[in-house]
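Any read-out appearing in this document is the output of simple, stated calculations on the displayed coordinates, not a laboratory observation. Note that this is a predicted model, so its numbers are computed, not measured. Here the Cβ positions follow ideal geometry from the backbone for every residue, glycine too, while neighbour counts run over all protein chains shown.
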Amino acid sequence: KKALLEELKGKENVTKSGQKIHIYANIGNLGDVGSVLKNDAGGIGLFRSEFLYLESETFPTEEQQFSVYKTVAENMAGKRVIIRTLDIGADKQVGYFGLAQEENPALGYRAIRICLKQPEIFKTQLRALYRASAYGQIAIMFPMIISVEEVRRIKDIVREVKEELREEGFAFREDLELGIMIETPAAVMVSRDLAKEVDFFSVGTNDLTQYTLAIDRQNQKLDDFYDAHHPAVLGMIRMAAESAHAEGKWIGICGELAADLSLTEVFLDMKIDELSVAPSMVLPLRKKVRESL
Ligand code: PEP
Ligand code: MG
């Protein structure tokens with residue numbers, strides 16, 4: 001079996017009828033880049049940047065972050081690297097953020113909400129990302145979006161950051177792709193308007209399932225109810241895909257569901273442009289795509 005998968009390296013992700021799809025990999029730290037390359041992923045579809053914050057005793061500096069993002073970009077040698085801005089809060093707590101205990105952390109002060117309330121934290125990360133963009137094909141993705149207003153505020157902050165870097169004489173790419181996670185039902189419902197504002201969507205099925213079904217993804221007692229194949233969840237993904245494509249944008253899936261081979265044909269039918277999975281799932285998924293009609 002291993003040998004068969006080995007033979008798929010360098011092959012296209014194309015169905016029997018000629019439909020193509022990108023297969024990227026998810027990573028949680030720098031050490032994973034080797035397995036992304038070894039498994040012949042077309043890019044990195046989700047780089048969970050929060051490890052930088054989780055592993056640190058204080059806020060990681062711009063230089064520390066820049067060095068990590070630059071290394072990933074260089075190692076991926078021109079392949080797309082989608083870095084998600086910090087998704088702290090909820091299940092990922094970091095002491096030095098000084099976040100208060102909350103009754104409902106999954107519905108609480110987390111991710112983009114922290115970034116918009118504390119723009120100095122956000123700007124440090126954005127500066128590092130833009131500076132690293134000179135070394136590869138970085139794209140930036142924002143988590144837990146619920147509204148067009150949030151995206152406009154993000155873009156205002158991005159504009160400020162670029163202006164500052166320009167004045168300071170840093171090299172960076174002007175045309176970085178900016179995308180958002182589709183992981184709340186609100187984002188799905190306003191996805192047509194969101195699609196006008198961004199370059200791409202990436203569906204976070206882990207949270208989208210949690211929020212659509214009102215089931216805590218951390219509560220193992222509810223595992224029997226946490227059904228990511230629920231028609232409501234699949235309907236949301238389809239709707240987001242239609243919105244993206246109607247505005248000429250592309251859409252990927254980076255939640256666990258992307259690696260569910262029993263849904264690959266469903267995703268192909270939705271014309272999903274990219275699936276991002278654990279590095280070890282890249283070749284099994286390529287095999288599945290190549291066997292599909
Ligand atoms: C998701 O919610 O599906 C996702 C990819 O993000 P995370 O699992 O890090 O919340
Ligand atoms: Mg998520």
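Observations on the structure shown:
- Label point 7 Å beyond Cα of residue 163 along Cβ direction - residues of segment 122-139 with amide nitrogen under 17 Å: 123-124, 126-127
- Shape annotation for the chain: C-alpha extents along the principal axes are 51, 42, 37 Å, from largest to smallest.
- Using the empirical formula 2.2 N^0.38 Å as the baseline, the Cα radius of gyration of segment 134-243 reaches a ratio of 1.28.
- By the Kirkwood approach, averaging reciprocal distances over each pair of separate Cα atoms, segment 10-113 gets a hydrodynamic radius of 15.6 Å.
- Per-residue ³J(HN,Hα) for segment 129-145, Karplus 6.51 cos²θ - 1.76 cosθ + 1.60, θ = phi - 60°, Hz, x for Gly and Pro: 5, 5, 4, 5, 5, 6, 10, x, 9, 7, 10, 10, 10, 10, x, 6, 6
- Pairs spanning more than 26 Å between alpha-carbon atoms, out of 117/196; 38/92; 2/288; 92/249; 92/117: 38/92; 92/249.
- Cα Rg over Rh - segment 147-191, Kirkwood: 1.11
- Area projected by the alpha carbon convex hull of segment 202-293, averaged over all directions, nm²: 6.2
- Farthest towards the positive end of the charge dipole of the chain, among the residues 220, 101, 258, is the Cα of 258, using unit charges on the Cβ of Lys, Arg, Asp and Glu.
- Helix content alone sets the calculated 222 nm mean residue ellipticity of the chain: runs of n ≥ 4 DSSP H residues at -39500 (n - 2.57) each, divided across all residues, give -12000 deg cm²/dmol.
- Residues whose placed amide H lies under 5 Å from that of residue 253, excluding near-sequence neighbours: 203, 274, 275, 276
- Longest segment of the chain lacking GluC sites (Glu not before Pro) that sit in a DSSP loop with at most 16 other Cβ atoms within 10 Å: 175-246
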